[in-house]
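Undergrad: Sharing a structure here in structure tokens format.
Quick note: the coordinates plus some simple rules give every number you see, no bench work behind them. Source: prediction; values computed, not measured. Using ideal geometry, Cβ is built from the backbone for each residue, glycine included, and neighbour counts are taken over all protein chains shown.
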Amino acid sequence: MKTILIIHTGGTISMKENKATGEVNTDGEHPLKELSTFLKESIEIKDEILFYLPSPHIRPDHMLKLGQFIHEKLAEHQYDGVVVTHGTDTLEETAYFLDLFLQTRKPVIVTGAMRSSNEIGSDGLYNLMSAIKVSSCDEAHGKGVLVVMNDEIHTARNVTKTSTSNVATFQSPQYGPIGITTKKDVFFHHKTTSHDSYPIQHLTKNVALIKAYAGMDGTIIEAVCNSGANGMVIEALGQGNLPPETVPALKNTIEQGIPVVLVSRCYQGVVQDTYSYEGGGRKLREMGIIFANGLTGPKARIKLMVALEMTNNPIELNPMFSY
Ligand code: ASP
């Protein structure tokens, strides 16, 4: 019989709706603690409540604690897989952090819910059951951290929350899910490419995320540079271009030894050093800006935080962002 560890961290999946006021919150008692009655498969479940937090309250130190907790639990017991329940707002950041941090081939599945436990059409229990199914599936081994929601299996690297309230919110733009779940089964239909992981001990670096816009100047970049930030991620325009007025502030940031990573504010495609006008990708690359290969801004930020625990040398950081 397989044994699966469920780690609850909070989020809507752990909440209830107050029927009189419509407010949604935790009420001190986890609604999905007793699962055995719902499980048809012979799977032994152990569960732990690590946090009871809405996911906008999750910080990098919580992510690290969760990662270390998973390592400890996997070292002390032969669990076959792990399921993490998490609020959906920052789920993709925690899932991607775990993907970069964990050193295991065992399935680690992150799930959540868009509707709390007593709302009509609540998806929490269903998603949790699907996640348990995937975590106990042999084929899920060695695929990195996966996100299971709404009958789909996504990689932590590519998945993102696309809708504020639709239950089909988690999508992997451009790539799609790597598998699906049905009432009885799990079907993988894509192989995952190899992924990188970093055995860090701390997650303390301060990395800012900035979104570019038409007419942007250097004000925000200068403010971040002067704030003591250790790194900066910029969601640039199109293929990786910025308004020319940002360039002096960017040059100064790089001269101060603060690494700058570039992603696109487009939700598909990768940044490229194509344009050689002032602020164009070619000029930005020549200036020493690091181009990230297809990550979203929040995920590039998590990766830069992790990478900065090992080096802040742009020559060493560059290849880490080419994956
Ligand atoms: N605001 C909630 C959270 O992220 C949303 C959810 O869990 O679906 O905790």
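Undergrad: When the expected Rg is taken as 2.2 N^0.38 Å, what fraction or multiple of it is the alpha-carbon Rg of the chain?
TA: Values: Rg = 20.5 Å, N = 323, 2.2 N^0.38 = 19.8 Å.
Working it through for the chain, the quotient is 1.04.
Undergrad: Next question. Net charge around P243, counting only other residues with Cβ within less than 11 Å of its Cβ (Lys, Arg = +1; Asp, Glu = -1)?
TA: Around P243, the charge tally is -3.
Undergrad: Same structure, new question: Note the count of lysine pairs whose C-alpha atoms are less than 27 angstrom apart in region 179-309, limited to pairs 8 or more residues apart or on different chains.
TA: Lysine pairs meeting the criterion: 15.
Undergrad: Along Cα→Cβ, 7 Å out, is where each label goes; now give me the distance between the ones at K73 and I180 in nm to one decimal.
TA: Placing both labels 7 Å beyond Cα along the Cβ direction yields 3.0 nm.
Undergrad: I would also like to ask the following. Order by neighbour count: C137, C266, fewest other Cβ atoms within 10 Å first, most last.
TA: Numbers: C137 21, C266 15.
Going from least to most buried by this count: C266, C137.
Undergrad: Note down the nm distance, to one decimal, between modelled labels 7 Å out along Cα→Cβ at S42 and at T274.
TA: 5.7
Undergrad: Divide by every residue of the chain the summed helix terms, -39500 (n - 2.57) for each DSSP H run of at least 4, and state the resulting mean residue ellipticity at 222 nm, rounded to the nearest 500 deg cm²/dmol.
TA: On the way: 8 runs with 82 residues, N = 323.
For the chain, the value works out to -7500 deg cm²/dmol.
Undergrad: Out of the DSSP beta bridges found with both residues in the chain, what percent are antiparallel (nearest 5)?
TA: Numbers: 14 of 44 bridges.
Here the share of antiparallel DSSP bridges comes out near 30 percent.
Undergrad: Could you state the principal axis extents of the C-alpha atoms in region 155-199, from the largest down, to the nearest angstrom?
TA: Projected onto its principal axes, the Cα set of region 155-199 covers 34, 28, 22 Å.
Undergrad: Step through the residues of region 26-31 one at a time and calculate ³J(HN,Hα) from phi using the Karplus curve (6.51 cos²θ - 1.76 cosθ + 1.60, θ = phi - 60°), rounding each to whole Hz and writing x for Gly and Pro.
TA: 6, 10, x, 10, 5, x
Undergrad: Here's something else I'd like to know. What FRET efficiency do you get for A214 and M310 if R0 is 41 Å and r is their Cβ-Cβ distance, rounded to the nearest 0.05? Mind showing how you got there, number by number?
TA: On the way: r = 36 Å, r/R0 = 0.88.
After rounding, the FRET efficiency stands at 0.70.
Undergrad: In addition: Test of understanding: in a Gaussian network model of the chain with alpha carbons linked when under 10 Å, which of G112, G28, G218 would top the mean-square fluctuation ranking?
TA: Comparing G112, G28, G218 in a Gaussian network model of the chain, the most mobile one is G28.
Undergrad: Can you tell me the FRET efficiency between E222 and T193 if r is taken as the Cβ-Cβ distance and R0 is 56 Å, rounded to the nearest 0.05? All intermediate terms of the calculation are to be shown ahead of the outcome.
TA: Working: r = 38 Å, r/R0 = 0.68.
E between E222 and T193, to the nearest 0.05, is 0.90.
Undergrad: Which ³J(HN,Hα) values in Hz, rounded to whole numbers, follow from the phi angles of region 139-144 under the Karplus curve 6.51 cos²θ - 1.76 cosθ + 1.60, where θ = phi - 60° and Gly and Pro get x?
TA: 5, 7, 5, x, 9, x
Undergrad: Which peptide among 221-232, 76-87, 119-130, 143-154 comes first, and what is the full order, when sorted by highest mean count of other Cβ atoms within 10 Å?
TA: Values: 221-232: 17.5, 76-87: 20.8, 119-130: 19.1, 143-154: 25.2.
Top to bottom by mean Cβ count within 10 Å: 143-154, 76-87, 119-130, 221-232.
Undergrad: Taking the Cβ of M287 as the center, what net charge do the other residues with Cβ under 14 Å away carry, scoring Lys and Arg +1 and Asp and Glu -1? List each step's numbers first, then the result.
TA: Numbers: positive: K251, R282, K283, R285; negative: E255, D273, E278, E286.
Counting the neighbours of M287, the net charge comes to 0.
Undergrad: Could you state the angle between the C-alpha long axis of helix 297-308 and the longest principal axis of the C-alpha atoms of the chain, as a value from 0 to 90 degrees rounded to the nearest 10?
TA: 80
Undergrad: What nm distance separates the two modelled labels at N252 and H141, each placed 7 Å from Cα along Cα→Cβ?
TA: Reported label-point gap for N252 and H141 is 5.5 nm.
Undergrad: In degrees from 0 to 90, rounded to the nearest 10, what is the angle of the helix 60-76 Cα long axis to the longest principal axis of the chain?
TA: Computed tilt is about 50 degrees.
Undergrad: When a/c reaches 1.5 or more, the comparison of a/b and b/c decides; with that in mind, is region 66-219 rounded, prolate or oblate per its Cα gyration tensor? Spell out each step's value before the answer.
TA: Working: a/c = 1.64, a/b = 1.18, b/c = 1.40.
Cα axes put region 66-219 in the oblate bin.
Undergrad: Name the residues whose placed amide hydrogens come within less than 5 Å of the amide hydrogen of V233, ignoring near sequence neighbours (fewer than 5 apart) on the same chain.
TA: A208, L209, I210, V261
Undergrad: Now for a different question. So for region 1-145: antiparallel DSSP bridges make up what percent, rounded to the nearest 5?
TA: Numbers: 2 of 18 bridges.
Approximately 10 percent, going by the DSSP bridge assignments.
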